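Here's the structure we're looking at; comments come further down.
No value in this document is a laboratory result; all are computed from the given coordinates. This structure is a prediction, so every number in the text was calculated from the model and none was measured. Glycine gets a Cβ as well: all are built from the backbone with ideal geometry, and neighbour counts include every protein chain shown.
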Amino acid sequence: MKQLITFPLITALPLMAALPASADGESLYQQNCSACHMVDGSGIQGAFPALTDSDFVAGDLEDLIRVVAYGRAGMPSFGEELASTELAEILGYIRETFNDTDTDLSASDIERLKVTATAKMGREE
Amino acid sequence: MHEQQTPLSSGGRDRTGAITGQLTRRHFLQALGAVGGAGMLMSGLAAFNIGIASAQDRPPPLSGDGNGKTVIILGAGLAGLVAAYELGRQGYNCKVLEARRYSGGRCQTARRGFVLPQLGQDDEVCDFDDGEYFNHGPWRIPYHHRSTLHYTQEFGIPLEIFVNHNEAAFAYRDGEGALNGQAVRQKEIIADMRGHTAEILAKHVDQNALDVPLTAEEREKFLEFLVGEGHLDRESLDYLGTGGRGYASDPGAGLNPGEASSPHALSALLNSDLFGIVSSVSGYTQQKTMFQPIGGMDRIPQAFEEQLGDTITFGARVTRLQQSEDGVVVDYQDGDAGESRQLAGDYCLCTIPLSVLRNIENDFTEEFRSAMDAVSYTPTCKLALQMKSRFWEVEDHVFGGHSFTHNSEVGNISYPSTGWQGKKGILQGVYNFGANAAQFSALPREQRIDKALGVGEKIHAGYRRDFETAFSTAWHLVPENLGGWASWSDEARQNSYPLLNEPQGRVLLAGEHLSYMTGWMAGAIESSWLQIEKLHEMAMSS
């Protein structure tokens, strides 16, 4: 009996790991992005773009990765601030949760696009 | 020291490249450099009685009168103030539009009653005791930022020393090493790391075990250097400690010679990861001597403001920037009247941060807009803590400088370089950047304060005990800035940055973002100097 119960639990694990909008993505988003883009991704008009129902967020993945990694239009560069796995989690979260867009993104997808040095976030000395 | 040179007015070049008409200093020097290379350029500079760094010393000598031409200056930060002051003296009619109710831009000082709105947060209201203050924007003037010092001198703004190095301050790191989890005086780490290093090197040199071609005489001198550098015993070449690292018991009067302290073992320093605070010389912007205006950094914009009279319109939020062949038109929301107004002028110097400017309607070219979008801005937070005693001075004998926390969430702790031995004081408990700052600003205010106190209490017993009130700043959430300072990637510097320095019709940009001194007041001032020289040339040749 025990074995019968245990079996489906084990097979369920890989399925859970494959869920894109993971709890990690959400907590990483809240931690790193919510001060500007708000807890619900609604942004602040005239300052920080909304990430919900966003053609840009839901659109070309490479463009999105570049903006997050290198910064753009005042957005900080996170490419050397956060690990690629973390960036992948966050991007998965904002696409899945805020834009209902299936996303299969790995750390290596991020790494592949991080070819040149990002803007240094500390001070120039 | 130097008077401005005889006015040199606008010049040009004929098709052969020869210079025609009257010269500007810039044209003349450019031509010299082109013809004779760096050597002739240097002699040319010398002929003007100026060094190569003159562009950083004082404003450009502008010849000819602005004849009342109207220059609309967007932003009353340092770049805007400098432009209004210098162009105003040259006969231009300057009109400054400033969104805030005060001048200075990021150059602000928080005192009792000061309110700083931040997006997505409750307004931050400063409730320090009267007389206490905190520079939550720029806070240091390096001795070689001659442009900043030009104005403090010109306006007679009294300065005091900003203590940027204090070997009696602490280094702290959590971890498993022998020196982790305790506050260690920086002087101990510095003396011991250099002492151990010098000892190892000296003994190798002494035994001729270094594969470096040195004559016998050179070897002796090198040894002499190492003995002095590391405070080594002259005979044994051992590092046995030195008074400079501090005493176990201080020398005193009468029969008290004091008790020497013992060095930390090299392995303890290495395993505790505390060696990172030691380096031969500080970064260029971090060196002694540093200054701050007595009474607060906002003394600088206030001095400009006194000169400018009613040139500045406060509470004016720019909503649109347009230009035609013969003028510029700026729309803005007048905060007092609560209505839209329009201002027309001959030229515009726009000092609004690129992070904010991009959200303002404009008629820049696609190429220019795209260049503006290539920049990122650094998130950065500062948190000031008012303490009811100056325990760092009274109990821990730390007067100014920084303690290195090795905690990037919070950053280093900085002690005030003013109000020595007073009753209370303001500590800078947080200064962080990038993702750390983004994360910090997402925390509820109480948690931010608690995090700061949690780090500080590991170093000072009085830290949590004597805490009274805080002032919390996240520059990326300040609507007029949306970031601490511009951060350029190498690629953006190369591909986008140069264009932004060029006039766009009758509009020029200026600010720290258009310098290689981003985040420094000198960057804003010198960018302004550069751009008003271009603006003046345009006006003179039209």
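Computed quantities for the displayed model
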| read-out | value |
| --- | --- |
| Amide H partners (placed H, <5 Å) of B:Val375, local residues excluded | A:Ala73, A:Gly74 |
| Estimated FRET transfer efficiency when R0 is 30 angstrom, pair B:Asn93-B:Glu366 (beta carbons, to 0.05) | 0.40 |
| Integer Hz, Karplus 6.51/-1.76/1.60 couplings in order for segment B:386-394, x for Gly and Pro | 7, 10, 7, 9, 9, 4, 5, 8, 6 |
| Part-to-part distance (alpha-carbon centres) for segment B:106-160 and segment B:244-276, which is given in Å | 38 |
| Using distinct alpha-carbon pairs, which all enter the 1/r mean, Kirkwood radius of segment B:330-470 in Å | 18.4 |
| Whole-Hz couplings from phi, Karplus 6.51/-1.76/1.60, listed for segment B:366-381; x for Gly and Pro | 4, 4, 5, 4, 5, 5, 4, 7, 7, 8, 10, 10, 7, x, 8, 10 |
| B:Asn495 versus A:Val39: modelled label distance in nm, points set 7 Å from Cα along the beta carbon direction | 3.9 |
| Taking B:Glu167, A:Glu86 and counting other C-beta atoms within 10 Å, the order from fewest to most | B:Glu167, A:Glu86 |
| Local net charge near B:Asn135, Cβ-Cβ under 13 Å (Lys/Arg +1, Asp/Glu -1) | +2 |
| Relative contact order of chain B, pairs being alpha-carbon contacts under 8 Å that are 6 or more residues apart, as % | 19 |
| Order of B:Glu491, B:Glu512 under a 10 Å beta carbon neighbour criterion, fewest first | B:Glu491, B:Glu512 |
| Residues whose placed amide H lies under 5 Å from that of B:Asn432, excluding near-sequence neighbours | B:Cys381 |
| Span-like helix ranges in chain B, DSSP H, alpha carbon extent 24 angstrom or more, Kyte mean at least 0.0 | B:521-541 |
| Net dipole in debye of chain B [+1 Lys, Arg Cβ; -1 Asp, Glu Cβ; about Cα centre; nearest 20] | 580 |
| Three-way shape label, segment A:20-113, alpha-carbon gyration tensor, a/c 1.5 | rounded |
| Packing-based order for B:531-540, B:443-452, using average beta carbon neighbours within 10 Å, highest first | B:531-540, B:443-452 |
| Value of D in µm² per second that Stokes-Einstein yields for chain B, Kirkwood Rh from Cα pairs, at 37 °C (0.692 mPa s) | 125 |
| Packing-based exposure ordering (other Cβ within 10 Å, fewest first) of B:Leu226, B:Leu530, B:Leu349 | B:Leu530, B:Leu226, B:Leu349 |
| Calculated FRET efficiency for the pair B:Gln333/B:Gln182, C-beta based, R₀ 45 Å, to 0.05 | 0.25 |
| Amide hydrogen neighbours beyond the local backbone of B:Asn501, cut-off 5 Å, H modeled | none |
| Where labels lie 7 Å past Cα in the beta-carbon direction, separation of B:Glu446 and B:Asn271 in nm | 4.1 |
| Helix-derived mean residue ellipticity, 222 nm - over chain B, DSSP H n ≥ 4, -39500 (n - 2.57), to 500 | -9000 deg cm²/dmol |
| Within 10 Å of each Cβ in A:33-46, the average number of Cβ atoms from other chains | 4 |
| For segment B:226-278: rounded, prolate or oblate by the Cα gyration tensor [a/c cutoff 1.5] | oblate |
| Surrounding net charge for B:Val115, when Lys and Arg each add one and Asp and Glu each subtract one, Cβ distance under 12 Å | 0 |
| Segment B:181-199-segment B:68-94 distance, computed between alpha-carbon centres (Å) | 51 |
| Sorted peptide list for B:191-202, B:413-424, criterion being average Cβ within 10 angstrom, highest first | B:191-202, B:413-424 |
| The protein assembly as shown - Rg (one decimal) and Dmax (whole number), Cα, Å | 28.5, 101 |
| Inter-centroid distance (Cα atoms) of segment A:25-47 relative to segment A:53-80, Å | 14 |
